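First comes the structure, then the notes that go with it.
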Amino acid sequence: MKNNVFLTLISVFVPFSFLSIGGGSSIIPGIQHETVAVQGWLTPQEFVNLFAVARAAPGPGMMLSTLIGWKIAGWLGAVVATLALMGPSALLCYAVVKLTNTHREKKWHRAFREGLAPVGIGLTVAGSIMILQLSGGGIWAAAIAALSTAIMLAYPNVSVLGLLIMAGLVNTAAHMLG
Amino acid sequence: MPTGSGASSAYAMDSFDQLILSTIPTTVTGSIPSIPLSVMHCNAAPAPGFRATLPSAKKMLTAARRETPMDQDIGRQNEPIGLAGGHGFGQPTIAKLFFLCLRVGLISFGGGLTGWFYRELVILRGWVSEEDFYSSQAVAQMLPGPNIANLVICLGEQLCGSPGALACCTGIFIGPFFCVIALNFLFERFSGIDAIQVGTSGIAFAAIGLMWVICLRGIRRAMKFPPSLLVVAATAIAVGVFHWPLLPVVLSMGAISVGLAWRRISHEE
């Protein structure tokens, strides 16, 4: 029976791996439907809790699959679910890079690199807007972000970890006072 | 920038280095079958000091080893613009990439991971040019999978080939894997402590600042070719404000932008 659990985990997560364009947030509703309604592995409340934990932890938000696997089948389940969600897309990306990198010196490759750079910058701007909205912090969040941007631009060698911890403490203090 | 001032003395040291090196290979390379991971350079063209850092040649070559950073300065002058510094970090190796990814994976709260890598690889170490970083980012976001995993696969491949991609990919996941399980354990024990949640969201706010540093530097760079500023703005608004689906936006904006770049390159030639 145990083998079946692992096979089901793989069959659930591998398709999502190829669908997760633009990062993890696009597949969260699909994963919720699959794990809560179809497989009945989790209650809706359990799913929301796991999602919150995955967002609070360091690393990509898609580590949600690790938690689901762990919840269902322990350590091995966690490994299987992580690999099933991260592996296929990683291999695809590797294949794309590998196939195009041998043509680095060609004119079309240079045009691609230079042409895709502004698109990448635009996507980063978009990503920061979306994270700002998701964080739910409003003006206050933007103010902390702007201040830390200014500090990092003014002092490029500042300790980022220290800066982040400071921001955490400032936010906690402001929350307690306000 | 310290690059210029170091260069002249680096050339002098370099010829000294070559002098020592010319006596080494016959005695060293034959006797040592493999190069240990920790000293293995993985750029396509290894620095002159490369083979000399084999273990048994240690004593003889401490001088050569000491000047490896200078060797890089020579190489770096041929690189595209935007390489700021990177003194004291040496050449990228598989082990360095792995531990860098492991460290960033472990301490990157709140989705600022791209910002971390920009800082570590482009600003501090100068291993990756700005342009390579931005274009890798576009590819990473266009393909399925966590953006950060795709990004480190792209950059790891460029820096150290397939083992580099594997090392980066493993490094970025292994820390969060254990963290997320540990955090879930703690969450089930102590759920509902407000201060912790407020603290982590503060960290997330500052991590947005990490992304803004990339944005500002990218926009400044795009200003050199004004049409690309329009591409930046259109992409950002379509995805970030209107929430249009990413794939069609990236494909259409990418096609326009690559077309513009093609025309510009043709014009230059």
## Note on the structure
Note on A:Lys107: of the conditions (1) exposed (fewer than 15 other Cβ atoms within 10 Å of the Cβ); (2) facing another protein chain (nearest Cβ under 7 Å); (3) within 24 Å of B:Thr114 (Cβ to Cβ), unmet is (3)
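Which one is nearest to B:Cys168 (Cα to Cα), of the residues in the range A:71-124 that are touching a residue at least 24 places away in the same chain (Cβ under 8 Å) and out of contact with any Ser or Thr (no Cβ under 8 Å at 6 or more places or on another chain)? Explain how you work it out, then say what you get.
To start, the set of residues in the range A:71-124 that are touching a residue at least 24 places away in the same chain (Cβ under 8 Å) comprises A:71-73, A:76-77, A:80-81, A:84-89, A:92.
Next, from what is left, pick out any that are out of contact with any Ser or Thr (no Cβ under 8 Å at 6 or more places or on another chain): A:71-73, A:76-77, A:80, A:92.
Details: A:Lys71: 27, A:Ile72: 28, A:Ala73: 27, A:Leu76: 22, A:Gly77: 23, A:Val80: 19, A:Leu92: 15 Å.
Within the range A:71-124, the match that is nearest to B:Cys168 (Cα to Cα) is A:Leu92.
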### Query
From the set of residues in the range A:160-178 that are of a type outside the set (Val, Ile, Thr) and closer than 16 Å to B:Val213 by Cα, which is modelled with the lowest pLDDT?
A:Leu161
#### Entry: Any pair with Cβ under 9 angstrom, 6 or more apart, that starts in the range B:250-267 at a residue that is of a type in the set (Gly, Ala, Ser) and ends at one that is surrounded by fewer than 19 Cβ atoms within 10 Å (Cβ to Cβ) and assigned to a helix (DSSP H, G or I)
B:Ser257/B:Pro227; B:Ala261/A:Arg110; B:Ser266/A:Lys107
### Task
Evaluate the range B:167-177: report whether one residue or more is out of contact with any Lys or Arg (no Cβ under 7 Å at 6 or more places or on another chain), buried (at least 24 other Cβ atoms within 10 Å of the Cβ), part of a helix (DSSP H, G or I) and more than 9 Å from chain A (Cβ to nearest Cβ).
yes
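Can you list the helices (runs of 4 or more DSSP H) found entirely within the range A:59-178 that contain at least 3 residues being within 30 Å of B:Pro227 (Cβ to Cβ) and within 18 Å of the chain's Cα centre (by Cα)? First the steps, then the outcome.
Working: elements: A:64-101, A:107-135, A:138-154, A:160-177.
Of the helices (runs of 4 or more DSSP H) lying wholly inside the range A:59-178, those with at least 3 residues that are within 30 Å of B:Pro227 (Cβ to Cβ) and within 18 Å of the chain's Cα centre (by Cα) span A:107-135.
Every residue, every condition in (1) at pLDDT below 85; (2) among the aliphatic types (A, V, I, L, M), yes or no:
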{"residue": "B:Asn150", "(1), (2)": "no, no"}
{"residue": "B:Ile181", "(1), (2)": "no, yes"}
{"residue": "B:Ile196", "(1), (2)": "yes, yes"}
{"residue": "B:Ala234", "(1), (2)": "no, yes"}
{"residue": "B:Val239", "(1), (2)": "yes, yes"}
### Query
Restricting attention to the range A:11-21, does a residue exist that is more than 12 Å from chain B (Cβ to nearest Cβ), in contact (Cβ under 8 Å) with a residue 12 or more places away in the chain and either closer than 29 Å to B:Val198 by Cβ or not hydrophobic (A, V, I, L, M, F, W, C) (or both)?
no
### Task
With the condition kept exactly as written, say whether any residue in the range B:62-83 is modelled with pLDDT of 55 or more and of a type in the set (Asp, Glu).
no
### Message
Just to be sure I understand, how many residues within the range B:242-263 are within 7 Å of chain A (Cβ to nearest Cβ) and closer than 22 Å to A:Ile131 by Cβ?
### Response
4
### Query
Only one of (1) buried (at least 24 other Cβ atoms within 10 Å of the Cβ); (2) more than 7 Å from chain B (Cβ to nearest Cβ) is not met by A:Gly120, so which one is it?
(2)
### Message
Scan the range B:99-117 and tell me whether some residue there is more than 30 Å from A:Ala84 (Cβ to Cβ) and modelled with pLDDT of 85 or more.
### Response
no
### Query
When only residues in the range B:189-203 that are facing chain A (nearest Cβ under 8 Å) and either in contact (Cβ under 8 Å) with a residue 40 or more places away in the chain or not aliphatic (A, V, I, L, M) (or both) count, which is surrounded by the fewest Cβ atoms within 10 Å (Cβ to Cβ)?
B:Asp194
### Selection status of A:Ser128, touching a residue at least 24 places away in the same chain (Cβ under 8 Å) and buried (at least 20 other Cβ atoms within 10 Å of the Cβ)
no
### Meets criteria (more than 7 Å from every other protein chain (Cβ to nearest Cβ), farther than 27 Å from B:Met223 by Cβ and small (Gly, Ala, Ser)) for A:Gly87
yes
### Message
Cβ-Cβ under 9 Å, sequence separation 6+ or interchain: first residue in the range A:144-161 and within 7 Å of chain B (Cβ to nearest Cβ) and surrounded by 14 or more Cβ atoms within 10 Å (Cβ to Cβ), partner part of a helix (DSSP H, G or I) and of a type in the set (Ser, Thr, Tyr). Which pairs?
### Response
A:Ala145/A:Ser128; A:Val160/A:Ser148
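The values are calculated or read from the model by the stated rules, or taken from the named source; none is laboratory data. Keep in mind the model is a prediction, meaning the values are calculated, not measured. Heads up, the Cβs are rebuilt from the backbone with ideal geometry, glycines too, and the neighbour counts pull from every protein chain shown.
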